[in-house]
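Below is one structure, written out as structure tokens, with a few remarks after it.
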Amino acid sequence: MNFLQTIMGKKILMAITGILFCFFLLLHLLNNLTLFVGAETFNTLVSSLEAVKPIVRIIELLLLIILVVHIYNAVSLFLKSKKARPVPYKINSQENSNLTSRTMIISGLVIFLFLVVHLGTFWRTFQTINNHSNYYEIIISNQTIGFANPLITLLYMAASIFIGMHLKHGFESAFKTFGIHNGKIKTVLSKVSIVFWFFVPAGFFIIAMWFGMIKGLL
């Protein structure tokens, strides 16, 4: 426990919780891709989760713990960094860093705000709905919280971009935290990480764009 309070311990927790959340995003995307199959398939999938609701609640609790630990350590490391050097360098070190690195705080805040909106709309509505054949319509046709609302569509598309940026630098930082700087292992892991920081966010982006913009024009 003492080690987890150190800077390295916090970085390791950041890396582990970030990777765990990435796997959740991958599974979540695979479920959401059934939207393209049709209303019956998607509604059946969501309804099947109702049958194992206690297990779903445990998973949601674990996800909440993972999220809280990740955010807490991110804020803690940021404050420690500021406290260690209250006066910035005369030479701007960010000039040599990439965009994803410089915008980690911004992308993290955008993702957090997106989660608040997502939980307050789709998730909350799905908890109180009685008609199990209406999940698809809520997501696609609801003009308040669904993709029929242009603001919701744009929010999801923008959030997908920021998630991709956040995860790209997150994986790069995780490799350094675990001491993976070069060699075949880093090459393999870098290629695998593309699935999480590019294809997964791109999948969510395409879902929002297709059902919120393109489908309505066809």
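FYI, it's all coordinate maths here, none of it is from the lab. Predicted, not measured: the structure shown is a model, and the values here were computed from it. All Cβ positions, glycine included, derive from the backbone under ideal geometry; neighbour counts span all protein chains shown.
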Exposure proxy check: 184, 82, 11 ranked by fewest other beta carbons within 10 Å?
184, 82, 11
Shape call for region 36-79 from the C-alpha gyration tensor, a ≥ b ≥ c root eigenvalues: rounded (a/c under 1.5), prolate (a/b greater than b/c) or oblate?
oblate
Of 52-60, 34-42, ordering from highest average Cβ density within 10 Å down gives 34-42, 52-60
Looking at the calculated P(r) for region 129-211, what percent of the C-alpha pair distances fall above 16 Å?
61
Using alpha-carbon coordinates, inclination of helix 200-209 to the longest axis of the chain, degrees:
40
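Order by neighbour count: 181, 70, 118, fewest other Cβ atoms within 10 Å first, most last.
Numbers: 181 9, 70 20, 118 16.
By the 10 Å Cβ count, ascending: 181, 118, 70.
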Options [x] 272; [y] 159; [z] 124 - which one matches volume of the Cα convex hull per residue in Å³ as calculated here:
[y]
Rank by packing, highest mean first: peptides 126-138, 159-171, with packing defined as the count of other Cβ atoms within 10 Å averaged across residues.
159-171, 126-138
Counting other beta carbons within 10 Å of each residue's own, what order do 71, 66 fall into, fewest first?
71, 66
How many angstrom lie between the C-alpha centres of region 176-215 and region 1-62?
16
